Structures are given as structure tokens and as C-alpha cells.
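Peer 1: Please find one structure pasted underneath; my questions will follow.
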Amino acid sequence: MVAKRDYYEILELEKDATEQEIKKSFRKLARKYHPDKNPDNPEAEKKFKEMQEAYAILSNPEERRKYDMFGHNRPDGSPFGPGGFQGVNISFDEIFGGGFDSIFSQFFGSSQKRNTSGSDLLYHHSVPFITAMNGSDEEIEIDVDKKCISCDGNGSSSIDGSRICPSCDGRGQIEKISMIGPFTQRSRQECPSCIGSGRIITNPCVDCNGNGRLNQRVKVKFSIQPGINSGTRLRLKGQGEAPKRNQGRNGDLFVEIDVEQHKWFERDGADLIMALPLSFTDLALGKKITIPHIDGKKLAISIPANSKPGETITISSRGLPVPMNNSVRGSVVIVLKLEMPNKFSNTMRKKLKLISKDLDSELSSIENRLEEESKRRRAN
Ligand SMILES: [Zn+2]
Ligand SMILES: [Zn+2]
């Protein structure tokens with residue numbers, strides 16, 4: 001049997017971590033390993049569950065104290081009961097908003113009502129680089145559990161097709177009594193018989209089997225603003241999963257935008273950076289170059305005579321629009337590079353020999369050059 005990992009180690013924490021640090025670290029890791037972000041990845045799923053367990057203990061002062069004292073071998077057995085920790089569903093929404101605390105406090109006897117709303121969903125969407133320039137209106141198709149139209153989400157095929165749930169007497173919740181060590185803990189849970197609705201469907205809707213929702217392919221439209229960065233998450237409120245049998249609200253749909261790479265530009269916010277490989281003579285004599293640009297107009301680059309490799313040319317207001325302030329644009333920054341030919345013909349070699357003496361005479365002595373170079377390098 002594999003040894004159980006240390007809770008602090010799982011959450012990447014020191015033993016004296018504060019409550020805030022515990023929460024912060026959990027949130028960071030939960031985002032990384034959330035099942036929505038790692039579909040069909042059993043390793044991430046295992047990690048997600050492992051860190052939920054660690055958080056449930058370390059975020060509870062009493063449980064943390066016991067853990068610090070006894071580690072995993074508490075004399076009163078697992079705090080989660082004989083079955084051990086089973087994992088919980090935390091939606092992305094809850095990780096963002098911090099509502100996950102209430103889910104964890106339930107383990108140890110709080111009586112908060114469980115959130116029966118539909119889950120939030122995360123969808124990845126790639127757009128070409130030009131979208132960062134112009135913005136766009138997007139339409140995607142996703143498969144999502146939506147309210148069943150046939151029964152209007154209540155799961156019953158007829159208005160009188162349900163009766164009061166006998167397990168919870170129509171309250172939708174049941175009280176669970178569990179032992180945490182020597183203590184009896186009462187907690188309320190959603191009634192599993194009626195999924196919290198308080199009513200049992202006697203005549204279930206044939207389309208959704210009484211669930212009140214159905215997996216459907218739906219079209220979702222949204223706009224991307226100019227200046228968008230990769231990794232930006234758009235929140236489409238209420239466009240996530242529908243709740244079961246109208247119990248609660250729809251989840252949200254998060255669309256994470258991935259902006260594809262440009263052929264030669266790198267991005268630094270709204271600035272665009274490119275390397276321009278030039279020949280020795282272009283750098284020495286200067287040159288005007290025109291290249292196509294993402295704003296539809298040509299980009300004219302004027303390389304001054306006597307330019308050196310590594311120097312930059314900045315063309316302002318030709319970069320990407322600044323998000324939220326699209327009338328302002330970043331710069332294009334051009335880094336000059338020296339490109340050497342792969343080979344020299346005999347004729348070229350002869351011509352180069354002719355100028356090499358003159359070139360040498362323009363430079364200082366080799367010792368001086370070495371000193372100057374090292375001074376510049378060390379100054380950086
Ligand atoms: Zn239905
Ligand atoms: Zn019930």
C-alpha cells in the first residue's frame with residue numbers, strides 16, 4: 001500500500017501556514033487540477049480529490065490540531081468515517097468566488113444547504129492572431145445539460161405526476177448524523193430520493209427520465225474585444241449546466257480564449273516585438289523595408305545607416321489595441337539582427353578582401369576592442 005501523503009505537502013505549505021495561505025494555495029491548485037480543466041485525466045482527478053481532503057482538514061482548526069498531533073494515524077479513526085474521504089463537486093464558480101468554504105464546513109457538522117444549482121462549465125476556444133487586432137463575433141457549439149423542454153424542467157410528464165417525497169417529507173433535505181471521533185455531528189444533506197426537490201416523480205418525463213434536463217447541442221454566441229490576451233476567461237452567465245428538476249439556477253459557461261501565435265510577432269501586452277534579420281551591408285548602409293502588417297496597411301521600417309545588431313527600432317501606435325481603450329494602440333518594436341550568408345562565392349570573397357583592410361582601420365586595436373566589449377557587457 002502506498003503511504004498517504006502529508007497534507008501540508010499536498011497543498012505545498014509550511015507547517016505554520018496561516019488560514020489565508022491555506023486558502024490561497026488550495027485555490028491555486030484547485031484551478032490547476034479541476035476536472036473541468038483536465039477532462040479524462042485520472043491523475044489530475046486523483047490530485048484534485050487528494051487536495052480536497054487535505055483542505056477539509058487543514059482549513060478546520062480543530063481537525064488541523066488533531067492532524068498536527070497524530071498525523072494520519074488518529075486514535076479515533078478517519079475523520080471522514082469508515083469509508084474515508086469521498087470527494088466533493090466544486091464548480092469553478094465556487095473556486096473563483098470562495099464559496100467552496102461552505103462545502104467543506106459541511107463535513108464537520110455545519111448545516112448549510114447544499115448548492116443544487118447546475119454546474120459551471122469551462123470551454124477552450126482558439127482564435128487566430130488577427131482577432132487580437134480586430135476583435136470578432138464568435139459562435140461555438142457545445143454539448144450541455146439543458147432544461148428539458150418536454151417537461152419544462154420539472155421531470156414529470158403531467159402536472160399531477162408527482163407526490164411528496166416520503167424520505168424527507170417534502171423538505172428536500174435529510175439530516176445525517178455522523179460520528180467525528182467521540183462527537184456526534186448533525187449535518188443536513190440534499191435528499192437523494194428526490195434530488196432536493198421534495199417531490200417524487202410518479203410519472204417521469206420520457207425524454208429526460210425525470211431528471212428535468214437533457215444533454216443537448218447548443219449554439220453559443222459571444223464577442224471578443226480587440227486586444228484580447230491568451231488565457232482570458234469570458235463568463236457567460238447562466239449558459240452552463242441547467243439544475244436538476246429546476247432546483248436552483250443555471251451554472252455559468254466560462255470560455256477560455258487561446259490566441260494563436262503570429263508568424264513573426266511576439267506579444268508584450270499591446271506591444272508587438274519582432275526580430276529583423278539583415279545583411280551586414282544593410283546594417284552598415286541603412287535600408288528602407290516595407291512588410292505587410294496586421295492592421296491592413298504596410299509597415300515601413302527605416303533602418304538608419306551604421307546600425308548595430310541588437311539595436312531596436314520602435315514604431316509607435318502600430319501595435320495591438322489596448323483592451324478597454326481600443327483607440328490607443330501599442331508599439332511595434334523591431335530588434336535588428338545580423339544574418340550571415342551560408343556560403344560566399346569566390347567573387348564575393350575577393351570583394352570582401354578588398355574592403356577588409358579598410359574596415360580594420362576603422363576599428364581600434366584588438367586589445368582596446370576586448371576591453372570596451374567587456375566593459376559594456378559588465379555594465380549590464
Ligand atoms: Zn423532461
Ligand atoms: Zn426527498
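Peer 1: Quick one: angle between helix 346-362 and the longest Cα principal axis of the chain, in degrees between 0 and 90, rounded to 10, please.
Peer 2: Roughly 80 degrees, rounded to the nearest 10.
Peer 1: Given labels modelled 7 Å from the Cα in the Cβ direction, how far is it in nm from residue 74 to residue 216?
Peer 2: Result: 4.6 nm between the two label points.
Peer 1: For a quick size check, give me the Cα extents of the chain along its three principal axes, largest first, whole Å.
Peer 2: Here the spans come out as 102, 56, 38 Å, largest first.
Peer 1: What number, rounded to the nearest 500 deg cm²/dmol, is the helix-based mean residue ellipticity at 222 nm of the chain, given -39500 (n - 2.57) per DSSP H run of at least four residues and division by all its residues? Intermediate values should be presented prior to the final figure.
Peer 2: Values: 10 runs with 100 residues, N = 380.
Estimated from H runs of four or more residues: -7500 deg cm²/dmol.
Peer 1: At R0 = 56 Å, how high is the FRET efficiency between residue 345 and residue 5 if r is their beta carbon distance? Nearest 0.05 is fine. Intermediate results must be reported in sequence, preceding the final value.
Peer 2: Details: r = 66 Å, r/R0 = 1.18.
For residue 345 and residue 5, the calculated efficiency is 0.25.
Peer 1: Full extension from residue 326 to residue 280: what is 0.36 nm times the residue separation minus their Cα-Cα distance, to one decimal in nm? Let's see the in-between values first.
Peer 2: Values: separation 46, 0.36 × 46 = 16.56 nm, distance 3.89 nm.
Full-extension gain reported as 12.7 nm.
Peer 1: Next up: What ranking do 66, 32 get, fewest neighbouring Cβ atoms within 10 angstrom at the top? Don't skip to the answer; put the middle values down first.
Peer 2: Values: 66 17, 32 13.
Going from least to most buried by this count: 32, 66.
Peer 1: Helix 366-379 versus the longest principal axis of the chain: what angle, 0 to 90°, nearest 10, using Cα atoms?
Peer 2: Approximately 30 degrees, to the nearest ten.
Peer 1: Let me ask you something else. Need one number: nm distance between label points at residue 230 and residue 297, each 7 Å from Cα along Cα→Cβ, rounded to one decimal.
Peer 2: 2.9
Peer 1: At 7 Å along the Cα-to-beta-carbon direction for both residue 24 and residue 207, put a label point, then send me their distance in nm to one decimal.
Peer 2: Once both label points are built, they end up 4.9 nm from each other.
Peer 1: Only Cα pairs under 8 Å and at least 6 apart count here; give the relative contact order of the range 266-379 as a rounded whole percent.
Peer 2: Values: 155 pairs, mean separation 30.1, N = 114.
Rounded, it is 26 percent for the range 266-379.
Peer 1: Pairs of alpha-carbon atoms within less than 8 angstrom and 6+ residues apart define the contacts here; what relative contact order does the chain have, in percent?
Peer 2: Details: 651 pairs, mean separation 52.5, N = 380.
In percent, rounded to a whole number, it is 14.
Peer 1: Also: Normalised radius of gyration for the range 168-243, please: alpha carbon Rg relative to 2.2 N^0.38 Å, two decimal places. Mind dumping the intermediate values first?
Peer 2: On the way: Rg = 20.5 Å, N = 76, 2.2 N^0.38 = 11.4 Å.
In units of the globular-protein estimate, the range 168-243 measures up at 1.80.
Peer 1: Would you mind ranking 263, 176 by Cβ crowding within 10 Å, fewest neighbours first? Intermediate values should be presented prior to the final figure.
Peer 2: Details: 263 6, 176 12.
So the ranking, lowest neighbour count to highest, is 263, 176.
Peer 1: Okay, moving on. Taking a ≥ b ≥ c as the square roots of the Cα gyration tensor eigenvalues, with a/c under 1.5 meaning rounded and otherwise prolate when a/b beats b/c, else oblate, which class fits the range 121-256?
Peer 2: Numbers: a/c = 4.48, a/b = 1.76, b/c = 2.55.
The shape class here is oblate.
Peer 1: Let me ask you something else. What fraction of the DSSP beta bridges in the chain is antiparallel, stated in percent and rounded to the nearest 5?
Peer 2: Values: 42 of 56 bridges.
Expressed as a percentage, antiparallel bridges in the chain total about 75.
Peer 1: Could you work out the mean projected area of the convex hull around the alpha carbons of the range 182-291, in square nanometres to one decimal?
Peer 2: Working: hull surface 64.9 nm².
Projected over every direction and averaged, the Cα hull of the range 182-291 covers 16.2 nm².
Peer 1: No solvent, one uniform scatterer per C-alpha: report log10 I(q)/I(0) for the range 266-379 via the Debye equation at q = 0.12, 0.13 1/Å, two decimals.
Peer 2: Debye output, listed in q order: -0.62, -0.70.
Peer 1: Ranking 288, 146 by Cβ neighbours within 10 Å, fewest first, what do you get? Display every interim value, and only then the final one.
Peer 2: Details: 288 8, 146 19.
Placing the least packed residue first, the sequence is 288, 146.
Peer 1: Hey, what angle do you get for helix 42-58 against the long axis of the chain, alpha-carbon based, 0 to 90 degrees rounded to 10?
Peer 2: That works out to roughly 70 degrees.
Peer 1: Additional query: Taking 8 Å as the Cα distance limit and 6 or more residues as the minimum spacing, I'd like the relative contact order of the range 159-231 as a percentage. It would help to have the intermediate numbers written out before the result.
Peer 2: Numbers: 80 pairs, mean separation 21.0, N = 73.
RCO, the range 159-231: 29 percent.
Peer 1: How big is the range 7-108 by the Kirkwood estimate over distinct Cα pairs, in Å? Display every interim value, and only then the final one.
Peer 2: Values: mean 1/r = 0.0715 Å⁻¹.
Averaging 1/r across every pair of different Cα atoms and inverting gives 14.0 Å.
Bear in mind these aren't lab numbers, they're just calculated from the coordinates by the rules spelled out. This is a predicted model, so every value here is computed, not measured. Virtual Cβ from ideal backbone geometry, glycine too; neighbours counted across all protein chains shown.
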